[in-house]
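Remarks on the structure that follows.
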Amino acid sequence: MPIFYNDEERRAWSLAESLAEQAEESMREAEAALETWKTGKEMNRLRCIRKGISESDAEIRWSASTNAKNAITNNGFYVGLATMYYGAASAHYSRALYLRSLGGRPMAA
């Protein structure tokens with residue numbers, strides 16, 4: 001637990017921590033969406049092989065499917081959300097560091 005110089009610095013740091021946690025949750029969602037896409041692609045490939053459909057045609061069919069489009073859309077959305085949260089967290093960490101640089105006596109934690 002860091003030692004803070006004032007309440008404003010403590011609030012900035014706490015907000016940054018909260019935003020970083022939200023960013024991590026968004027990245028977990030993005031990873032889950034990517035895993036859904038990969039799993040679906042492989043299952044589609046195997047299904048097409050059993051039916052005698054070439055791998056390139058299987059790839060085209062998977063790319064055109066609603067499940068593939070939804071998984072890619074979800075992945076892009078959550079990556080964008082995580083990027084936003086990480087950027088906001090960075091700004092608040094910077095603010096906390098700036099407030100610390102102003103000096104003063106440390107507060108009790």
Legend entry - For Phe4, residues with placed amide H under 5 Å, excluding near neighbours: Met107
Inset, instruction - Go ahead and estimate [θ] at 222 nm for the chain from helices alone: -39,500 (n - 2.57) per DSSP H run with n ≥ 4, summed, over the residue count, rounded to 500. - result: -30000 deg cm²/dmol
Legend entry - Listed residue (Ser56, Trp37, Gln22) projecting farthest to the positive dipole end of the chain, Cβ model: Ser56
Inset, instruction - Calculate the translational D of the chain in whole µm² s⁻¹ from Stokes-Einstein, where the hydrodynamic radius comes from the Kirkwood formula applied to all Cα pairs, the temperature is 10 °C and the viscosity 1.306 mPa s. - result: 95 µm²/s
Legend entry - Loop-located trypsin sites (Lys or Arg not before Pro) in the stretch 13-74, at most 10 other Cβ atoms within 10 Å (DSSP): Lys51
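Each reported figure results from applying straightforward, stated rules to the coordinates on display, with no laboratory input. None of the values given here were measured: they were computed from a predicted structure. Note that each Cβ is placed from the backbone with ideal geometry, even for glycine, and that neighbours are counted across all protein chains shown.
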